[in-house]
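Colleague: Starting off with a structure, shown below.
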Amino acid sequence: MSHVACPLCGCSVPQGRFPLEGPVDDISLLEFRGLGRRKGFEVKARRSALDDSTLCEKIALRAMEISRFLMADVPGRTSGTEAELEVLRADLSETERMNQALKRRVAAEAGQRRGRDREIKQLREAATEAERMFSSLESSARSLLASLGPVLDKCEYVAMDDPTFADDYQEAVDRMETVRSVLSQDSNET
């Protein structure tokens, strides 16, 4: 015989690869996608099944049945209460280990959530501060434009008399118009 039928799931596994070795720290749910005709499959997504209490309960109950069956049929062992107690102790320790793993995972996710909440709060505060600064800057620009209007009107007379001053005057007027148009666009958008 070259394969073993897994008593937990019923899948046939080569004897050399059964049982899997190493610690069991998660139960994974896999989603596969086809690679094309005769090219096989690959894992598309993987997530933990520890959040699915129904599935975990089914696995735990099946594992307990397998343990009871094996303990009852082991030669030289008493098959009654002592074997059942041993199975229950093993089940309890495994359940406690799984419970601790879940607690660690929940604590880690809670810490990540607190970190994200802190970042969101900082971003909101920065946005509020930027909005306040923009509002202050906008009001300063409006008052500057209001005070520059009469000054530029007076400068227009000087520019007519002195041609060297005319270019500087025109540049100042153009800049003032640019600022006015930007401010009017911003007030239209809000």
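Any read-out appearing in this document is the output of simple, stated calculations on the displayed coordinates, not a laboratory observation. Small disclaimer: the values here were computed from a predicted structure and weren't measured. Every residue, glycine as well, gets a Cβ built from its backbone with ideal geometry; the counts of neighbours run over all protein chains shown.
Colleague: If each residue's Cβ is checked for other Cβ atoms within 10 Å, how do Arg38, Arg132 rank with the fewest at the top? Let's see the in-between values first.
Modeller: Numbers: Arg38 5, Arg132 10.
Final ranking by Cβ density, sparse to dense: Arg38, Arg132.
Colleague: Can you pull the one-decimal nm distance between simple spin-label points at Asp25 and Ser2, each 7 Å off the Cα toward Cβ?
Modeller: 3.5
Colleague: Now, a different point. Using the Kirkwood radius over C-alpha pairs as Rh, can you work out the diffusion coefficient of segment 1-48 via Stokes-Einstein at 20 °C, viscosity 1.002 mPa s, in µm² per second?
Modeller: For these conditions, the coefficient is 163 µm²/s.
Colleague: Going by how many other Cβ atoms sit within 10 Å of their own, how do Glu84, Glu171, Glu21 line up, fewest first? Intermediate results must be reported in sequence, preceding the final value.
Modeller: Details: Glu84 15, Glu171 10, Glu21 6.
Ordered from fewest to most neighbouring Cβ atoms within 10 Å, Glu84, Glu171, Glu21 come out as Glu21, Glu171, Glu84.
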